[in-house]
Amino acid sequence: MGVKRKAAAAILVLLLLLGSQWLYGGLDYHWDSCLKGYNQVNKVHQLSNSSGPHVAEDPPVFPICPGQNFQVSVLVSHLLAAQAHASDVLLQPYLLSWDELVKFMDSLGPVVSLISNEIETKTSVIRQLALLPEEGPEAEIGPNMHSQTGEKNNLKAKQHSDAYRSVRSMIRAEVDRGVVDFHHQTDSGCRTLLRLHRALLWLKLFLQKLAEMPRAGRLRSPSDLCREAYQSTLAQHHTWLVRRAAELAFIAMPERGFFFRLLCVQDQEELSVMLNRVVTTIGEIYDRTQGALEENGMLDLP
């Protein structure tokens with residue numbers, strides 16, 4: 001434990017120096033991790049961004065973990081609700097999924113929570129973009145303004161809101177408005193989504209590896225699994241300094257028993273069953289987002 005504590009202290013200092021660059025700018029692509037969430041544990045979540053009466057059929061049943069902030073059942077419910085139709089992803093439940101993943105990340109300790117704060121920044125960018133019309137000049141229209149002007153502004157606000165309803169609608173709207181720059185960094189929703197998308201692949205692979213049953217009678221450490229998942233995903237987008245910081249961070253990863261307690265399972269077999277179902281659900285969202293970004297040439301936005 002002494003080694004881990006010293007490593008964690010060193011990592012904290014390094015990450016504080018790196019600041020928000022973990023996910024943006026040069027460190028922008030940092031090992032986008034798992035994210036932060038809502039405190040409505042044990043409650044039914046109303047997903048107002050869903051497509052009318054759309055409700056996921058026969059969602060998998062996961063236990064509610066008493067006293068836990070992160071709830072895998074809530075995560076999966078948001079991921080299922082985000083499946084708009086065959087090839088699209090609804091943004092509100094998608095972002096709610098990230099909220100729950102931030103809770104997961106925060107539970108892993110202060111080193112990782114620094115990174116989860118950057119994820120929250122990313123989700124906030126998209127949320128703020130969707131709210132801009134309500135905060136713009138048209139939101140200040142008074143009762144004495146001509147009714148036609150008010151109706152026109154209301155229509156514009158609705159059109160903007162509809163543009164950020166799903167991944168594909170956001171892509172179409174931002175491309176049409178010239179918001180996306182394929183050569184320079186911008187604060188577009190598409191660029192922000194790409195960073196979250198890369199983080200989701202890292203997370204998906206890590207959970208997939210964590211679900212693996214023993215090989216040759218032994219289970220590999222979460223630290224090693226996290227490092228492998230990182231090296232094959234996010235490391236490809238990071239500078240040397242970022243990669244080194246991430247490698248150090250993995251040293252402080254909790255042992256496997258922590259994940260048993262976090263997900264309310266008794267052993268690796270139960271953990272494997274649960275995580276494989278989670279990974280499958282994440283994979284569906286990832287594949288849909290990947291398809292939308294690839295079709296529009298957005299997989300390498302600066």
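Readers should treat all values here as calculations from the given coordinates under stated rules, not as data from a laboratory. None of these values were measured; they are calculated from a predicted model. Glycine gets a Cβ as well: all are built from the backbone with ideal geometry, and neighbour counts include every protein chain shown.
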Can you spot a residue in the range 252-269 that is surrounded by 15 or more Cβ atoms within 10 Å (Cβ to Cβ), within 21 Å of the chain's Cα centre (by Cα) and either within 28 Å of R191 (Cβ to Cβ) or without any contact (Cβ under 8 Å) to a residue 40 or more places away in the chain (or both)? no
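Scan the range 76-89 for residues that are farther than 20 Å from M274 by Cβ and crowded, with 24+ Cβ neighbours inside 10 Å and report the count.
Residues of the range 76-89 farther than 20 Å from M274 by Cβ: 84-89.
Remaining after also requiring crowded, with 24+ Cβ neighbours inside 10 Å: 89.
Total satisfying the criteria: 1.
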I'd like to verify a number: residues in the range 208-236 that are over 23 Å from E294 (Cβ atoms), in contact with a helix residue (DSSP H, G or I) (Cβ under 7 Å, 6 or more places away or on another chain) and part of a helix (DSSP H, G or I), how many? 8
How many residues are among the aliphatic types (A, V, I, L, M) and free of Cβ contacts under 8 Å to residues at least 12 places away in the same chain if we restrict to the range 85-124? 1
